[in-house]
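Coordinate-derived values only; no laboratory data. Please read all numbers here as calculations on a predicted model, not as lab measurements. Here the Cβ positions follow ideal geometry from the backbone for every residue, glycine too, while neighbour counts run over all protein chains shown.
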Amino acid sequence: MYEPNVVGDWQEYAEHAGLRVRVHRLEAAEPPRGRDDAAEGLTYFCVRVTVENRGARHSTIHLEDGQIDVRIGPDGESAFIDWRNSQFIEGFDVYPLRRATAVLYAAGPEAALSQVDVQIQLRVDDDWADRRLWAGGIGLLEGAVQPGAAREGLACQVSNFLRDQAEEGTA
């Protein structure tokens with residue numbers, strides 16, 4: 001069975017040597033240019049998508065509207081995407097050992113934000129990469145997570161272990 005990535009995990013692209021991507025910093029946040037009227041009564045959140053080039057040559061990256069899909073809640077309903085406040089990656093050359101980050105502002109009912117799925121399909125040098133999925137949530141309390149949720153899954157446990165190991169190695 002395919003397991004989604006946990007928010008914060010890096011995902012390598014086998015078809016694009018040295019290129020990796022991650023969805024991270026999923027958090028409640030107000031948009032910098034004010035709320036969209038269409039988001040009346042919804043809770044805003046922000047998510048970042050970072051593309052890193054660890055390869056030997058530069059790649060031209062596209063991560064624009066339509067390439068990011070955000071679903072919330074147990075039924076996977078579409079989140080409201082605030083395109084005006086979001087910042088995308090549009091034809092940016094990512095050279096070796098460099099990164100580019102897209103910042104996406106979205107909104108949804110507060111009760112549905114405990115389950116957030118972010119699916120992206122990166123375009124690299126005019127070639128489409130495979131779709132990748134990250135799962136996470138906002139406002140989860142440790143004791144309130146339902147069994148089977150991403151925070152309780154094996155992928156999250158492994159990710160937390162590796163993150164702790166990396167922090168010990170740099171300290």
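Data overview
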{"read-out": "In nm, spacing of pseudo-spin labels at TRP83 and LEU97 (7 Å Cα→C-beta vector)", "value": "3.9"}
{"read-out": "Cut-off 12 Å between beta-carbons: net charge of the residues surrounding ALA38, Lys and Arg +1, Asp and Glu -1", "value": "-2"}
{"read-out": "Residues with amide H under 5 Å from that of ASP9, placed H, sequence gap 5 or more", "value": "VAL23"}
{"read-out": "Hz values of 3J(HN,Hα) by residue in segment 7-24 - Karplus curve (6.51, -1.76, 1.60), Gly and Pro given as x", "value": "3, x, 7, 7, 10, 7, 9, 5, 6, 10, 3, x, 8, 9, 9, 8, 9, 8"}
{"read-out": "Segment 83-139: projected area of the alpha-carbon convex hull, averaged over directions, in nm²", "value": "5.3"}
{"read-out": "Sorted peptide list for 47-54, 118-125, criterion being average Cβ within 10 angstrom, highest first", "value": "47-54, 118-125"}
{"read-out": "Separation of alpha-carbon centers, segment 115-135 and segment 72-87, rounded to whole Å", "value": "15"}
{"read-out": "Cα-derived Rg to Rh of segment 5-140, Kirkwood definition", "value": "0.98"}
{"read-out": "Placed amide H near ARG98: partners under 5 Å, 5+ positions off or other chain", "value": "ASN53"}
{"read-out": "Pairwise FRET efficiency - ARG25 versus TRP128, Cβ, R0 = 22 Å, nearest 0.05", "value": "0.30"}
{"read-out": "Residue-by-residue Karplus 3J(HN,Hα) for segment 79-92, coefficients 6.51, -1.76, 1.60, Hz, glycine and proline x", "value": "7, 6, 9, 8, 5, 5, 8, 6, 10, 10, 10, 10, x, 9"}
{"read-out": "Nitroxide proxy distance, nm - points 7 Å out along Cα→Cβ at ALA111 and GLU64", "value": "3.8"}
{"read-out": "Potential lengthening between ARG35 and ARG54 on full extension [0.36 nm per residue; Cα-Cα distance subtracted]", "value": "3.2 nm"}
